[in-house]
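The values are calculated or read from the model by the stated rules, or taken from the named source; none is laboratory data. What you see is a predicted model; the values in this text were computed from it and never measured. Positions of Cβ are backbone-derived with ideal geometry, glycine not excepted, and every protein chain shown enters the neighbour counts.
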């Protein structure tokens, strides 16, 4: 189907499908903003720690252990995450190098997207566990890049020790091992394993709203008047990055790494299209809220410009994500 | 070879995941030596946002039955009323002066573990019934409970309970049928998706919060006053509930006619199971927090909660085993 034909055939049902994905997430972000404004303790770490140390590791294990382990898929997503990050870093230096020299920005909100807080719930809503698992792979690579490239940009060194302390890494490894290897579990322990899995699954589901709320929490503390200062960084983040991702997908297809032949394996075809969609949607995410830190009085500790980039990219993403969904459906699923 | 019989496995599979999640919260609390987590933030988030979403999400999608509400609400009121003289008796025996000591004996922790067990054991029907019980329990806790610990009634606090409005809204939506424009229906469905998503996280967050709270308590000094209160709650509570359920049956409030439609009969047995399950719960965290707020006896309340929750790992499966016998 050509793009023109697709545009002509786009029905209110499809629009409704995208809205059903994005509006609930936006509503929960607003809940997070309200909580952040109203919480007198101004303790952003509470929600972050709760999510990062308990709920997210459970969600990651719960998703990965039931998703078929495929090294090629991991390589495709990992390469995309790395190329995207490197590409956006170079673009940031090219377009905003002067601002960095004047210490107005450290580039982090431009380079690093919200690969967990918004991406994981959206991937789950739009594509179920299949999309969630792929989004988790993307998130894990972004974690690695944050602690290598990100740390290098801000501190001039790689923070391996902090990286290795992240609980999600280990539950991801465990999940992948469980998916890849059929462990000979004695029958007597099967029930116990099933019971533990049930508890982990239940906890994992709690991660989805908490991730979105913890994203919204610091946003309400950024002055709206500063938003224009963040527009350049935000444009690179939410417009430049998805354009780059579409180009990357095109290259993947041209090189044959992602097969576009439908053939007889319809499920395999949909799986590859989901991989592409996850790469594009990940690239289109607004800045990561982890680049913001609030001080004791609730004000962001990063530069005005970086805080504004997070806010501007979040506000802008409400529009650009709809456009990206539209093009994802047109170019990826309908070609 | 399997460890559990099919009947026991049904119970264990409902109880063990809840305690596993509580253990995660407990470990987090123990590892958080600098107390970086602000528990007030978590409690407020649960109280003002997550619980109302769970209440609405669960109630609005099932038909509201006034008789069922009367039976469950009535059971909650009667169970709480029956525990009052017993709580004061224990208080006198252990020579505690503060009235706050009675709160974790009189009231049940209907919002943490019991919701998860109700969901895993009886599905959404059980969860909705358990939420009805929970709503009545917290309303009484915020009215009579506050009066007991502070000596004054505070209707403003009562009217500030967000779950109260979520319950009313859930019941209105479930009972009202009118033809809304398509756009309004779609907007409601989208809004509802967001509410459902938050609701999804409520139960694990409640249980993690419970585990985290328990990790903070030091019970060694207060064991002597904690054990009698906790025992009264988790042993006498379910016994009273069994008596109440049989009384309801004898009065015909919960029919047991063998010729009844099997699905209707199952609904009645679920109601009985939910009443007994909630009565078997240890004291609520809110009882501890009210003791803190009104400077009554928070250490003793915390000891009762911790002992009751730990002992619940054993007593709750036993009670549920009797519940399955009763339902059969």
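Among the conditions (1) surrounded by fewer than 17 Cβ atoms within 10 Å (Cβ to Cβ); (2) away from chain A (no Cβ under 14 Å); (3) more than 25 Å from residue B:247 (Cα to Cα), the only one that residue B:9 does not satisfy is (2). Remark: residue A:232 falls outside the filter, which requires a residue to be within 26 Å of residue A:135 (Cα to Cα) and at pLDDT 85 or above. Inclusion of residue A:45 among residues that are facing chain B (nearest Cβ under 8 Å), in a helix (DSSP H, G or I) and at pLDDT 75 or above is warranted. With a requirement of 2 or more residues that are within 17 Å of the chain's Cα centre (by Cα) and crowded, with 23+ Cβ neighbours inside 10 Å, the helices (runs of 4 or more DSSP H) lying completely within region B:58-171 that satisfy it span B:66-93, B:103-106, B:113-140. Scanning region A:68-79 for any residue that is under 25 Å from residue A:221 (Cβ atoms), within 13 Å of the chain's Cα centre (by Cα) and either in a helix (DSSP H, G or I) or touching a residue at least 24 places away in the same chain (Cβ under 8 Å) (or both) turns up nothing. From the list A:226, A:201, the one residue that fits, being over 27 Å from residue A:107 (Cα atoms), touching a helix residue (DSSP H, G or I) at 6+ places or on another chain (Cβ under 6 Å), part of a helix (DSSP H, G or I) and more than 8 Å from chain B (Cβ to nearest Cβ), is A:201. Of everything in region A:262-287 that is touching a helix residue (DSSP H, G or I) at 6+ places or on another chain (Cβ under 8 Å) and assigned to a loop (DSSP other than H, G, I, E, B), the residue that is surrounded by the fewest Cβ atoms within 10 Å (Cβ to Cβ) is A:263. Considering B:3, B:27, B:46, the condition of being at pLDDT below 80 and either at the interface with another protein chain (Cβ under 7 Å from one of its Cβ atoms) or not in a loop (DSSP other than H, G, I, E, B) (or both) is satisfied by B:3 alone. Within the option set B:243, B:312, being part of a helix (DSSP H, G or I) and surrounded by 23 or more Cβ atoms within 10 Å (Cβ to Cβ) holds for one residue only, B:312. From the list A:142, A:176, which one is crowded, with 21+ Cβ neighbours inside 10 Å, assigned to a helix (DSSP H, G or I) and out of contact with any strand residue (DSSP E or B) (no Cβ under 8 Å at 6 or more places or on another chain)? When all the criteria are applied, what remains is A:176. Per the conditions (1) within 7 Å of chain B (Cβ to nearest Cβ); (2) crowded, with 24+ Cβ neighbours inside 10 Å, the sole criterion not satisfied by residue A:196 is (2). None of B:112, B:137, B:99 is at pLDDT 90 or above and touching a helix residue (DSSP H, G or I) at 6+ places or on another chain (Cβ under 6 Å) except B:137. No other residue among B:198, B:214 is modelled with pLDDT of 90 or more and either within 30 Å of residue B:306 (Cβ to Cβ) or under 17 Å from the mean Cα position of the chain (by Cα) (or both) apart from B:198.
Yes/no per residue for (1) touching a strand residue (DSSP E or B) at 6+ places or on another chain (Cβ under 7 Å); (2) crowded, with 19+ Cβ neighbours inside 10 Å; (3) assigned to a helix (DSSP H, G or I); (4) away from chain A (no Cβ under 14 Å):
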residue	(1), (2), (3), (4)
B:201	no, yes, yes, no
B:206	no, yes, yes, no
B:210	no, yes, yes, no
B:218	no, no, no, yes
B:235	no, no, yes, yes
B:260	no, no, no, yes
B:263	no, no, yes, yes
B:271	no, yes, yes, yes
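Considering region B:147-162 alone, what residues qualify as being modelled with pLDDT of 85 or more and closer than 22 Å to residue B:278 by Cα? Once the filter is applied, which keeps residues that are modelled with pLDDT of 85 or more and closer than 22 Å to residue B:278 by Cα, region B:147-162 yields B:148, B:162.
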